[in-house]
Ligand SMILES: Cc1cc2nc3c(=O)[nH]c(=O)nc-3n(C[C@H](O)[C@H](O)[C@H](O)COP(=O)(O)OP(=O)(O)OC[C@H]3O[C@@H](n4cnc5c(N)ncnc54)[C@H](O)[C@@H]3O)c2cc1C
């Protein structure tokens with residue numbers, strides 16, 4: 001009997017072909033988070049990855065508030081914090097001539113400046129922390145596995161063929177050389193900046209790859225004495241050669257306090273790639289640390305290219321690319337892993353809703369519509385931040401310096417009681433100030449806003465930002481915004497508003513005057529077969545508006561309602577109680593899910 005309406009018979013799967021709902025290619029931050037999110041929602045999935053284990057270099061580390069909220073929602077925040085250097089340790093970012101050398105300046109980063117701390121603490125229940133990628137990926141991957149993900153290490157993606165009902169993926173087991181197929185309903189290409197999946201889909205890209213050359217050197221050395229008076233996770237070194245290639249300046253980054261480190265140093269990408277042998281690596285480490293006879297153990301070296309490239313469309317009908325596969329940029333601003341995880345968080349609930357028959361497949365189109373603008377934004381921001389280091393070099397007047405001695409003399413000049421010294425000191429102030437756009441870009445990190453068919457506008461526009469939208473996040477419940485955080489609860493517990501809206505369902509938040517939404521939501525949930533919970537905030541109800549902050553933030557009357565999607569973005573809101581709350585909510589939720597009101601999914 002034909003399987004499909006049009007009479008095409010299903011071809012039986014060849015022997016050895018695996019089947020799953022979602023195949024994830026890559027186990028980095030994007031792939032690991034996708035697997036974890038899908039398994040948390042009960043979606044069968046297989047994750048393949050080329051190597052025998054997770055990341056072997058501690059690339060990403062700064063983990064921002066939005067990502068920590070994702071981890072909180074997926075139940076791994078405590079595990080991440082247990083392995084991380086906490087917020088209190090990541091405040092000072094130091095600009096210096098070497099770790100042992102003189103200070104050019106410092107900036108209080110990631111929201112640790114007293115003038116910014118309130119912005120960050122008011123915005124989220126979670127604070128930025130530092131967890132090296134080598135520690136984070138095993139947490140994502142092991143929790144995904146514990147919740148159901150089938151993981152195939154040493155398994156390489158080769159090719160895919162998409163048809164109307166699924167995707168046939170060819171893979172190779174790198175241990176045996178055996179090639180086999182995996183048949184999936186959907187595929188996530190989370191295979192990094194050289195993504196084969198994105199190439200095979202022919203995704204449209206803008207920008208350029210390999211615009212500058214960087215090298216990573218990981219090493220062990222006890223620097224505790226040298227950093228005792230200026231603990232930091234990032235030390236930017238202005239030294240001869242620091243402005244060639246790379247990420248703006250030389251970087252010495254703490255991996256584990258205070259004996260494991262990573263150096264990022266640039267090279268001229270228009271020349272032959274340098275050979276970084278043990279001796280050369282030691283030379284660079286000793287130069288940047290500023291101790292010629294430092295006892296150092298080199299643990300690894302690698303070369304990588306800085307990119308400025310983003311996809312303007314992220315998917316086909318059944319294959320979605322996430323993470324560095326679609327946004328490729330330098331680590332400036334620490335946005336890469338964070339955005340990769342947030343991509344997957346946006347995508348996984350949509351896949352679950354479609355696979356569970358709660359949403360029309362058209363919901364999946366909103367992935368690219370919502371995330372492609374973010375990809376563009378972060379690629380441009382990170383590259384701009386990297387280039388803005390030039391102002392520091394210009395302020396010091398060292399750009400044209402001829403050799404080490406002259407550079408040192410030019411840096412020294414900032415101390416002189418001369419017109420030149422005074423001019424340098426004045427120029428350093430804005431050069432340092434501009435680095436806030438790299439290290440305190442709270443608006444970029446927290447202000448993601450979606451406009452798509454999965455967001456129902458209510459005629460209002462986002463309030464005009466009162467402050468610089470890259471530096472400052474403005475909470476709002478205008479549909480498309482992330483649900484604002486504030487603390488609610490009762491005498492026994494304190495919760496974030498984000499905690500009220502778990503990833504497994506839609507949540508309608510209202511006040512006591514809006515209690516009529518509750519039976520309406522129950523009926524709509526049953527009509528549409530969608531998990532929809534209602535939370536009434538008010539005295540004597542599920543939670544109380546402890547500080548009366550929700551009343552200020554909710555953007556609707558007490559009788560109104562805010563419909564929160566599983567990924568904590570506002571999907572719809574009603575300013576006041578609707579004449580027919582059931583009809584209003586049903587129309588909104590059905591539209592958001594790509595369905596006609598009360599109609600079953602085709
Ligand atoms: C020095 C440095 C510092 C950084 N610091 C930060 C930071 O502080 N904060 C931040 O957010 N980001 C940071 N980043 C960026 C971050 O490392 C990346 O954005 C992040 O790793 C991207 O995650 P991903 O999962 O998309 O890709 P990747 O981490 O590159 O993972 C790709 C995965 O795909 C797999 N794969 C590739 N090809 C195949 C194939 N053919 N078949 C099967 N599997 C395949 C790989 O095995 C891997 O598991 C930094 C990067 C660098 C270089």
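Computed from the coordinates by the stated procedures, all read-outs in this text should not be read as laboratory data. Just so it is clear, the structure is predicted and the values come from calculations on it, not from any experiment. Ideal geometry is used to build each Cβ from the backbone, glycine not excepted, and the neighbour counts take in all protein chains shown.
Rounded to two decimal places and with Rh computed the Kirkwood way over Cα pairs, what is Rg over Rh for region 390-434? That ratio is 0.97, to two decimals. Restricting the calculation to Cα atoms, every distinct pair contributes to the Kirkwood radius of the chain, found to be 25.6 Å.
Return one number: the angle in degrees, 0 to 90 and rounded to the nearest 10, between the long axis of the Cα atoms of helix 581-592 and the longest principal axis of the Cα atoms of the chain. Around 50 degrees separate the two axes.
Seen against the Cα atoms of the chain and their longest principal axis, helix 133-147 is set at about 20 degrees.
Let a ≥ b ≥ c be the square roots of the eigenvalues of the Cα gyration tensor of region 301-438; is it rounded (a/c under 1.5), or, if not, prolate (a/b larger than b/c) or oblate? Since a/c reaches 1.5 and a/b is larger than b/c, the shape of region 301-438 is classed as prolate.
Counting beta carbons within 10 Å around each of 371, 533, 467 and listing the fewest first gives the order 467, 533, 371. Fully extending the segment from residue 102 to residue 277, taken as 0.36 nm per residue of separation minus the present Cα-Cα distance, adds 60.2 nm.
One equal scatterer on each Cα of region 490-548, no solvent, Debye formula: the resulting log10 I(q)/I(0) at q = 0.17 Å⁻¹ is -0.58. Each residue in 424, 415 was given a count of other beta-carbon atoms within 10 angstrom of its own, and listing them fewest first yields 415, 424. Across region 449-592, the volume of the C-alpha convex hull divided among the residues equals 110 Å³ per residue. Please work out whether region 82-139 counts as rounded, prolate or oblate from its C-alpha gyration tensor, where a ≥ b ≥ c are the square roots of the eigenvalues and a/c under 1.5 means rounded, while otherwise a/b larger than b/c means prolate and anything else oblate? Since a/c reaches 1.5 but b/c is at least a/b, the shape of region 82-139 is classed as oblate. Sorting 267, 186 from the fewest to the most surrounding beta carbons within 10 angstrom yields 267, 186. For region 286-343, the relative contact order comes to 27 percent (Cα pairs under 8 Å, sequence separation of at least 6). Between the helical axis of 278-289 and the longest alpha-carbon principal axis of the chain there is an angle of about 90 degrees. Based on the Cβ-Cβ distance from residue 297 to residue 426, what FRET efficiency comes out when R0 is 51 Å, to the nearest 0.05? That pair, residue 297 with residue 426, gives E of 0.75. Quick check: from the Cα gyration tensor, does region 159-259 come out rounded (a/c under 1.5), prolate or oblate? Because a/c hits 1.5 or more and a/b exceeds b/c, region 159-259 counts as prolate.
Computed on the chain, with alpha-carbon pairs under 8 angstrom and 6+ residues apart, the relative contact order is 14 percent.
Each peptide in 562-574, 218-230, 481-493 receives the mean, over its residues, of other Cβ atoms within 10 Å, and ordering these scores from highest gives 562-574, 481-493, 218-230.
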